[in-house]
Amino acid sequence: MLNYRFDTSSAFPVKLSLLSASLFLGLFFFLPLILVFGVSLASRGMYGGITWIPTWENYQRVFDPLVGVIFFRSLFLAGLTTFICAGVGFPLAYCLARSSRPWQLILLTLVMIPFWTNFLVRTYAWVLILRADGILNGLLIRLGLLNEPLSLLFTDLSVFLGLVYGYLPFMVLPLMAAIERIPPQLEDAAFDLYASMGGMFRHVLLPLSTPGFLAGGVLVFIPSLGAFITPYLLGGGQNMMLGTFIQQEFLVARDWPFGSALSFGLMGTVLLLWFLLGRTSVEKDPS
C-alpha cells in the first residue's frame with residue numbers, strides 16, 4: 001500500500017495557506033469571541049452599555065426560570081423542525097438520488113431556487129400568507145371551510161412553518177448525497193429476499209442513510225436553535241426563541257453583558273450536543 005505523507009515543512013504555498021487561514025480565523029473568529037467573552041464578564045451601565053466591573057452575575061442570570069422557558073421552547077422547536085425536515089426531506093432526497101440525470105438536475109434546481117432570493121424576503125412572504133387577511137385565510141374562507149379568519153401569525157405554528165421552510169434544503173442535500181452512495185442492487189436484493197417496502201427501508205435504506213441524517217440534522221438543528229429572523233417576524237414578541245431573546249438584550253434592553261453571556265450559553269449548549277452526538281457515533285462505529 002502506498003503510504004504517502006505530504007511534507008508541509010518544505011511547501012511554501014502550503015505554509016502561506018496555513019498562515020492565511022490562521023490569520024483569518026484569529027481576526028474574524030477568535031478575536032471577536034474573546035471580546036464577547038470579556039463583555040459577558042462585565043457589568044451593565046446605568047443607561048445601558050458596558051461598565052468594566054468583573055462579575056459572574058450575567059452567567060447566573062442565564063439559569064433564570066424565564067430564560068429556561070425560552071431555552072426549552074427553542075430546543076423543542078429546533079428538535080421538531082429537524083425531525084419534520086428529516087421526515088419530509090427523505091422521500092424528496094430519495095427521488096432526487098434515484099432520478100435520471102436530466103430529472104435530477106430539474107428537481108435539484110427546484111430545491112435550490114429558494115436560495116436565489118433573500119431569506120428575509122422569503123420570511124416576509126410567510127407573513128403575507130399567514131396573517132388574518134392573508135392568502136391562506138382568504139382561500140379557506142372562499143372555499144367555505146372557515147367563517148372567520150384563523151390566528152395563524154405570531155404563534156409557535158407560524159415559527160415552526162417558517163423554520164421548516166427555511167431549513168428543509170439543508171436536510172435534503174446531505175440525504176441525497178448519502179442515498180446516492182447506496183447501490184440500488186441492495187434494494188433489489190432485499191426485495192428478492194421477500195422484504196416488504198417497510199422492511200427494506202428499516203434494514204437497508206435507514207441504516208445506510210445515517211450519515212446523511214446526522215449531517216442534515218446538524219445543519220438544520222443548530223441554525224434553528226439560534227434563529228432570530230424567523231421567530232422575530234413570524235412569532236412576534238409573544239413566542240420568543242433564544243436568538244430573538246439575545247437580539248432583544250443587545251438592541252432593545254441594551255444589556256450587552258447579559259446578551260453576551262446568553263450567546264456563550266447557546267454556544268455551550270450546541271458544543272455539548274455536538275460532543276454527545278460525536279460520542280454516540282463513535283460508540284456505534286468503533287472502527
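The values are calculated or read from the model by the stated rules, or taken from the named source; none is laboratory data. Because the structure is predicted, anything quoted here is derived from the model rather than measured. The protein model used for the area step is the full one, side chains on, heavy atoms only, and it has no ligands, DNA or RNA in it. Shrake-Rupley method; radii C 1.70, N 1.55, O 1.52, S 1.80 Å.
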- Message: Can you sort Leu105, Leu262 by solvent-accessible area, 1.4 Å probe, largest first?
- Response: Leu105, Leu262
- In Å and whole numbers, how far do the C-alpha atoms of segment 90-176 stretch along each principal axis, longest first? 47, 27, 20
- Task: Bin width 5 Å, alpha-carbon pairs only: give the P(r) of segment 163-268 as whole percents, running from 0 to the bin holding the largest distance.
- Result: 2, 12, 15, 14, 12, 10, 9, 8, 7, 6, 4, 2, 1, 0
- If you roll a 1.4 Å probe over the heavy atoms of the protein chains, what accessible area per residue do you get for segment 136-179, in Å²? 50 Å²
- Applying the span-like rule to the chain (DSSP H, Cα extent along axis at least 18 Å, Kyte-Doolittle mean at least 0.5) gives 12-25, 65-98, 156-180, 210-225, 256-284
- Query: When the distances between all Cα atoms of segment 86-244 are binned every 5 Å from zero, what whole-number percent does each bin get?
  - Reply: 1, 9, 14, 15, 15, 13, 11, 10, 7, 4, 1, 0
- Query: Based on the Cα coordinates of segment 116-166, what is the per residue volume of their convex hull in Å³?
  - Reply: 80 Å³
- Task: From largest accessible area down, sort Val69, Val36; use a 1.4 Å probe on the protein chains.
- Result: Val69, Val36
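Which sequence of Asp188, Asp255 reflects their accessible areas, 1.4 Å probe, from the largest down?
Numbers: Asp188 90, Asp255 10 Å².
From most accessible down to least: Asp188, Asp255.
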- Dimensions in Å of segment 229-275 - Rg and Dmax from alpha carbons: 11.6, 34
- Query: For the chain, what % of the accessible area comes from carbon and sulfur atoms, probe 1.4 Å?
  - Reply: 72 percent
- Show that you can apply the helix-only estimate: for the chain, add -39,500 (n - 2.57) for every DSSP H stretch of four or more residues, divide by all residues, and state [θ] at 222 nm to the nearest 500. -22000 deg cm²/dmol
- Message: Compute the orientation-averaged projected area for the chain from the convex hull of its Cα atoms and round it to one decimal in nm².
- Response: 24.0 nm²
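Rounded if a/c is under 1.5, else prolate if a/b beats b/c, else oblate: with a ≥ b ≥ c from the C-alpha gyration tensor eigenvalues square-rooted, which is segment 153-194? Spell out each step's value before the answer.
Details: a/c = 8.91, a/b = 2.76, b/c = 3.23.
Because a/c hits 1.5 or more and a/b fails to exceed b/c, segment 153-194 counts as oblate.
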- Quick one: what are the phi-derived ³J(HN,Hα) couplings along segment 143-155, Karplus 6.51/-1.76/1.60 with θ = phi - 60°, whole Hz, x for glycine and proline? 7, x, 7, 9, 9, 9, x, 7, 8, 9, 6, 6, 10
